[in-house]
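Comments concern the structure below.
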Amino acid sequence: MAANKAKDEKKEEKHDEDEPMIVTLEYEDGTEIETEVMGIFEVDGKEYIALIPDDDSDDVYLYGYADTGDEEFELLDIEDEEEFERVVQEFDALMDVADEED
């Protein structure tokens, strides 16, 4: 799985608890990518979110996550390379544990 950093504005879409949560990423050039929330996890006291794009790739997008209330949240670019590497390592470790449980 590849981990990609994001570029721009993002928005959350309302969802039913039984259905996957879909987030549309909106880039500066007007491109939109539909993604599914894979999960939210914590690293060093901060929350992060893993998104899977709906493009048949094996990519996973990792962002900072901030709950803003009323079923809304903000996605934050991870600009610091060291922080991004820690997030990728934790994500990979979580995926290893999930694979072992299957």
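Values quoted throughout were computed directly from the atomic coordinates according to the rules given, and no laboratory measurement underlies them. Everything numeric here is computed off the predicted structure, so don't read it as measured data. FYI the Cβ positions are ideal-geometry reconstructions off the backbone, even for glycines, and counts take in every protein chain you see.
Here is how the numbers come out for the structure above:
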item: Ellipsoid semi-axes in whole angstrom, largest first, where each is sqrt(5λ) of the Cα gyration tensor of region 30-95; result: 18, 16, 12
item: Extension gain (nm, one decimal) between Thr24 and Glu81, 0.36 nm per residue minus Cα-Cα; result: 18.1 nm
item: Ala66 versus Val97: modelled label distance in nm, points set 7 Å from Cα along the beta carbon direction; result: 2.7
